[in-house]
Amino acid sequence: MTTEAQYLTSEKHAELQKELEFLKHDRRKEVAEHLEYAKKLGDLSENAEYHQAREEQAEVEDRISRLENLLKNAVMVGQGSKDIVTIGSTIRLEKNGDNKSFVYTIVGSEEADMSQGKVSNLSPLGSALLGHKEGDKVKVSTPKGEVAYVIAAIK
């Protein structure tokens, strides 16, 4: 397990806490009931339901352990700075030589979701933007080559 700090918004922290409570109280009980039922079916060495229930139990316990570790090492982030790009900042980027603009929020890796415009602080784009100010030009290495952006606004 990693003890590296994980950056989370209060919303994501609450969501993960809720998931952990569900897994510990409700899901564990369901899996235990499946195990008991499967044991009653007889020979455990050839009992597919028993093996499936054991696998399910291992997955639930692994997720519980992962969530506990994540929440223990969580660093809560707020809105972010409006002067400099930090985790929690929402920024508007303009691609050099293009009239398109993109709006992204820099978040921790656990919350990253490009479909919602949430970029991980560990991603090439997120790490390139951190520490820059409005008006700065930033170059990002991508699989298709280097892309240059201008930070149009920090919200």
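The values are calculated or read from the model by the stated rules, or taken from the named source; none is laboratory data. Please read all numbers here as calculations on a predicted model, not as lab measurements. Positions of Cβ are backbone-derived with ideal geometry, glycine not excepted, and every protein chain shown enters the neighbour counts.
General observations
Let's see how each residue does on (1) surrounded by fewer than 17 Cβ atoms within 10 Å (Cβ to Cβ); (2) hydroxyl-bearing (Ser, Thr, Tyr); (3) in contact (Cβ under 8 Å) with a residue 60 or more places away in the chain:
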| residue | (1), (2), (3) |
| --- | --- |
| Glu4 | yes, no, yes |
| Ser10 | yes, yes, yes |
| Glu15 | yes, no, no |
| Lys18 | yes, no, no |
| Lys24 | yes, no, no |
| Arg27 | no, no, no |
| Glu30 | yes, no, no |
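- Test: residue in region 73-86 that is touching a Ser or Thr at 6+ places or on another chain (Cβ under 9 Å), at pLDDT 90 or above and of a type in the set (A, V, I, L, M, F, W, C): no
- Scanning region 74-84 finds no residues that are part of a helix (DSSP H, G or I), over 29 Å from Val150 (Cα atoms) and either assigned by TED's automatic domain parsing to the domain that holds Lys137 or in contact with an Asp or Glu (Cβ under 9 Å, 6 or more places away or on another chain) (or both).
- Single residue of region 109-131 satisfying the filter (modelled with pLDDT of 90 or more and in a loop (DSSP other than H, G, I, E, B)) that is farthest from Leu70 (Cα to Cα): Gly131
- Residues being over 15 Å from the mean Cα position of the chain (by Cα) and of a type in the set (S, T, N, Q) - total across region 88-129: 6
- Qualifying residue in region 8-16 (condition: in a loop (DSSP other than H, G, I, E, B) and under 29 Å from the mean Cα position of the chain (by Cα)): yes
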